[in-house]
1. Under 5 Å between amide H atoms, partner at least 5 residues away or on a different chain: which partners does residue 89 have, H built in plane at 1.01 Å?
2. Hey, in the GNM for the chain with a 10 angstrom Cα cutoff, which one of 65, 54, 110 fluctuates hardest?
3. How big is the chain on each of its three principal axes, counting only the C-alpha atoms and giving the largest first in Å?
4. Place +1 on the Cβ of every Lys and Arg and -1 on the Cβ of every Asp and Glu in the chain, take the dipole about the Cα centre, and give the residue among 87, 97, 36 whose Cα lies farthest towards its positive end.
5. Could you identify which residue out of 82, 74, 103 has the top mean-square fluctuation in a GNM of the chain using Cα springs shorter than 10 Å?
6. Sticking with the crude label model, points 7 Å out along Cα→Cβ, report the distance from residue 108 to residue 120 in nm, one decimal please.
7. Fully extended, how many nm does the chain gain between residue 43 and residue 21 (0.36 nm per residue separation, minus their Cα-Cα distance)?
8. For the chain, what does -39500 (n - 2.57) per DSSP helix run (n ≥ 4), summed and divided by total residues, give at 222 nm, in deg cm²/dmol to the nearest 500?
Amino acid sequence: MQNLTDLGFAYIGECRAEFGRLRVDVARNGDRGPALYAFVSGDDLLYIGRTSVPLAKWLARYTEPTPTPKEVFRNRALLLSRLSVGQSVEIWALVDWEPVSHRGVDIDVPAGLEAALVRHLRPEWNAGQS
């Protein structure tokens, strides 16, 4: 997905359904956090989220039967639905950025970037978050 690569995101893995259960396979940067991550299916940007914990640990929450918070629970159902009809879902992540401060106050770059990207790229599953 060109927009994401231009922004510094890289492919890190994929989601799969096995026997009705969601599996998340993270091939690289799983130990990195904070991070932004995106679910992509074909040319469709489905969702952009962020985590302050290592990516693999956060994404594993999607595989739990009753994941929380509620957007994880909702996205898990959406992922399974998409996978059940044979569509693939890739996981992309952005783990590197420069620290930013304003007049001596550190800025939460992942939070600000997530909000800006949701407003700009309008991922389908982030509706109502901009």
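Read-outs: derived from the displayed coordinates by stated rules, not from any lab. Being a predicted model, the structure only gives us computed values, none of them experimental. All Cβ positions, even for glycine, are placed from backbone atoms using ideal geometry, and neighbour counts span all protein chains on display.
1. Answer set, sorted by chain and number: 15.
2. Between 65, 54, 110, it is 65 that shows the largest mean-square fluctuation.
3. 53, 26, 26
4. 87
5. Comparing 82, 74, 103 in a Gaussian network model of the chain, the most mobile one is 103.
6. That separation, rounded to one decimal, is 2.0 nm.
7. Values: separation 22, 0.36 × 22 = 7.92 nm, distance 2.42 nm.
Result: 5.5 nm gained on full extension.
8. Working: 4 runs with 39 residues, N = 130.
Per the formula, -8500 deg cm²/dmol.
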